[in-house]
Amino acid sequence: MNIEQFKGLARLPKFAIPSHYDLHLKLDLSAACTFSGTVKINLSITEKTNFLVLNANQLQFHQALFTTSGNQQYCPSDVVVDDDDEVVVLVFDETLCVGEGLLGIEFSGKLNEHLKGLYRCTYVDEGVKKNMAVTQFEAADARRCFPCWDEPALKATFKITLDAPSELTTLSNMPIIDEKLDGNIKTVYFEETPVMSTYLVAVVVGLFDHIEDTTADGVKVRAYCPVGRSDEGKFALELTIKSLDIFTKYFSTPYPLPKLDMVAVPEFAAGAMENFGLIVYRDNAMLYSDSKSTARRKQTMSIVVAHEVAHHWFGNLVTMEWWTHLWLNEGFATWVSYMATNNLFLEWNIWTNFLRETNGGLSLDALEQSHPVEVEVHHVHGIEQVFDDIGYNKGSTIIRMLHGYLGDDIFQKSLSSYIKKYSWKNVKTEDLWRVISEESGVNINSLMDCWTKQKGYPVIYVKSKDHILEFEQSGFYRAMYEDRLAAQLRKAVENNSLLATDKFGILDDMFALCEACKQPLSSLLLLMNAYRNEMDNMVLLKLIDVCYGVVNISTDAIPDSVNVLKEFFISLLQCSAEKLGWESIPGESLLDVMLRGEVFIALATFGHDKTRREAMQRFQVLLNDKNTPLLSADMRKAAYISVMRNSSTTNRNGFESLLKFYREVDAMIEKERILQSLASSPDPDIVLEVLNFLLSNEVRDQDSVYGLVGLSLECRETAWRWLKENWDRILKKYGSGMLLHYFVREIVTPLSSNEKAEEVEAFFGSNVNPAVDQILKQSIERIRIKARWIQSIKQEQSLPDLVNQLLHKE
């Protein structure tokens, strides 16, 4: 009997289909951090076979037995574990016939430290560090916890039982129906779940306080928080209650479970995970404090909470058939989370902020190494790489386009019909199009296939006709204007004659076209100058983003003019800085609070002397009084960056003070802000010290990526050398999960020459880790795009004069 036939398959063979799992896990949270378990799986054998092939990863097998409905028992003659394909093959000497049966397996494993599967993380209880257990199964890591058919289409019901220390809270997808105590161990029995995919199964065991509320429909919602911090869960609880009510009405379908728990855990690779009935959050993504959290955090949290709740319809109730159709989960959850947030906070103008989501998708989809929205996934190792800006941001934008085309009434009715038709089932993209076509009378397939089955997007070339130009800045495309029209648009921007969304889009498109060498940098700078008196918050945030991008490329392209360019950008932001000031104004909007922080971060980054002096003075006050009103949560990062931009090997005082402050503060959100700033120093020796610090035990694994995002341009070579020297260590520490993506993307992408691109290719060679192969290709392509752009800018010989003129222009 040849088991090689199962080698390298993208999906499991279909001769055995599960319908129910009875799973009993026993957790040992002592220093050993192990678990053992039994699983009994109800199977339908659909064709004669001598094999049962299911998923498993890093599990030990102790016993397996298959029992038919006629009570005939078959013990496998061999158990073959394939670590590469993450499957286990049970080999039977006798043929298993078509019919029903029960597969029982005893197994064990170790609570891993890679934040995947069933993993260990730690919390502090009265000064003592203790272990807790958390699961993260999406995309394909339920197999790290128990042997299973770990594919989204193979839905089943689950009855879960847990043995855990009696003093700890035990959570799973369903409510608890019984508990039994045996000494200091309790056995907890949970209600059986409805049919669901394996990636949505969840377990959390730890020490928490909780608060609760009930929806209008009687669904109990609880927020589990670290002990003593339940007040910080109130905002997320309130958002969840309101989101449930919004989605229940909009989809004309009630929330499908009797309860919804959310839990903030200290270590989590993603921001949050929509496990059915048990949403798990990274602590900083769920906990909110008026005094410690920034305005941006409040807005982001609102969108994230709505996103995770929305998944209970798009993803959990109606699930994609395979990861090719992931966008049906993520694109819809993203779009509908903005819809809900807009309903709750109309004053935030959230759809303008949505354009930043669109931008992320456009940026990635401009690459040759992009992929269609419906992306082929050929192996388990590549799944996590498709959780990217295409599925989330391009996906949500084309949904918004379709919604605008059909109108809200037809679109809402179509979604309601879709959810009713496919509840508890799996779908492909064409299933959605079929329902919308039936409801709207429009052939949606022919309309939308080019958006989901092809990569890339259109560039629209615009000419003026009869001096009338009508905008709708919400689509997934770029617009390029003829010179005369571009000059008229600059004038319209100066005169504040356009909607904020259009001013945002014009600037965003010009930057992208300039980056693609379709427009000269001089045209972009002239356009930026038109925003000198801009007052809209989201437009100014886009202007700041563009300023960063231009400074970064100009450092290599026109190094002699970079300081003058920074002065020009400082002058563009001066009006906003003077209006906003350092301290909050009673009654001001959340958008003003957000903008204040970003404006002063930019001024500090660009070397504005007055900002840096003021920031460092206020930082000194903060060191003596952690609650000083002179440095609010929204303004602290500007101060931290000022400190680090002034830090060097010969002037370490600020760096050491900030590092000491990091070690002293308890609030993880404050530690996060500090980590985002530490690597912004222009001194290579300081940054090298910071990079090593990120891998130390003083920084949680999930938080190390914050330090990478803030890496200074001056030290990109240092960071690249460090990555090469520490690559094996990083692989061992972070495994193959999402955190590894950041190390490649944030360190490789800032490089900017063809020589460096070749060096990166040579280093990784043909043995690149399959968990990051696509991200690596995308990063290398971005390096080459910058190299080409630099050469293009160098041809603009009049640029230095233009920069000087713009700086001194009133």
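The values are calculated or read from the model by the stated rules, or taken from the named source; none is laboratory data. This is a predicted model, so every value here is computed, not measured. Glycine also receives a Cβ, built like all others from the backbone with ideal geometry; neighbour counts cover every protein chain displayed. For accessibility, only protein heavy atoms count, side chains too; no ligands or nucleic acids. Shrake-Rupley method; radii C 1.70, N 1.55, O 1.52, S 1.80 Å.
General remarks:
- The lone exception for I785 - which of (1) at pLDDT below 90; (2) within 20 Å of E368 (Cα to Cα); (3) open to solvent by 30 Å² or more (accessible area, probe 1.4 Å); (4) of a type in the set (A, V, I, L, M) it fails: (1)
- Flag for E588 being more than 20 Å from E714 (Cβ to Cβ), out of contact with any Gly (no Cβ under 6 Å at 6 or more places or on another chain), in contact (Cβ under 8 Å) with a residue 24 or more places away in the chain and part of a loop (DSSP other than H, G, I, E, B): no
- The lone exception for Y392 - which of (1) open to solvent by less than 30 Å² (accessible area, probe 1.4 Å); (2) of a type in the set (S, T, Y); (3) within 23 Å of G737 (Cα to Cα); (4) under 17 Å from the mean Cα position of the chain (by Cα) it fails: (1)
- Of all residues in region 95-137 being at pLDDT below 95 and among the acidic types (D, E), the one that is nearest to T68 (Cα to Cα): E113
- Restricting region 93-132 to residues that are aromatic (F, W, Y) and in contact with a Lys or Arg (Cβ under 9 Å, 6 or more places away or on another chain), the residue that is most open to solvent (accessible area, probe 1.4 Å): Y123
- Among the residues of region 234-285, the one identified as assigned to a helix (DSSP H, G or I), among the small types (G, A, S) and under 15 Å from the mean Cα position of the chain (by Cα) is A285.
- Flag for L239 being touching an Asp or Glu at 6+ places or on another chain (Cβ under 8 Å) and either open to solvent by 10 Å² or more (accessible area, probe 1.4 Å) or in contact (Cβ under 8 Å) with a residue 12 or more places away in the chain (or both): no
- Counted residues, region 626-648 - those being closer than 11 Å to L658 by Cα and of a type in the set (V, I, T): 2
- In region 14-27, the residues that are open to solvent by 10 Å² or more (accessible area, probe 1.4 Å) and modelled with pLDDT of 95 or more: I17, S19, H20, D22, H24, K26, L27
- Inter-residue pairs, beta-carbon under 7 Å, first in contact (Cβ under 8 Å) with a residue 24 or more places away in the chain and closer than 12 Å to I558 by Cβ and in region 782-810, second in a loop (DSSP other than H, G, I, E, B) and polar (S, T, N, Q), 6+ apart: I790/S752
- R222, sole failed condition from (1) in a helix (DSSP H, G or I); (2) open to solvent by 20 Å² or more (accessible area, probe 1.4 Å); (3) not hydrophobic (A, V, I, L, M, F, W, C): (1)
- Listed here are the strands (runs of 3 or more DSSP E) enclosed by region 30-81 that have at least 3 residues being closer than 20 Å to N2 by Cα, in the same structural domain as F92 (by the TED database) and not hydroxyl-bearing (S, T, Y): 49-55.
- Set S44, S30: member being over 23 Å from R144 (Cα atoms), under 40 Å from the mean Cα position of the chain (by Cα) and of a type in the set (S, T, N, Q): S44
- A single entry from A310, A295 fulfils the requirement of being of a type outside the set (K, R), surrounded by 21 or more Cβ atoms within 10 Å (Cβ to Cβ) and at pLDDT below 95: A295.
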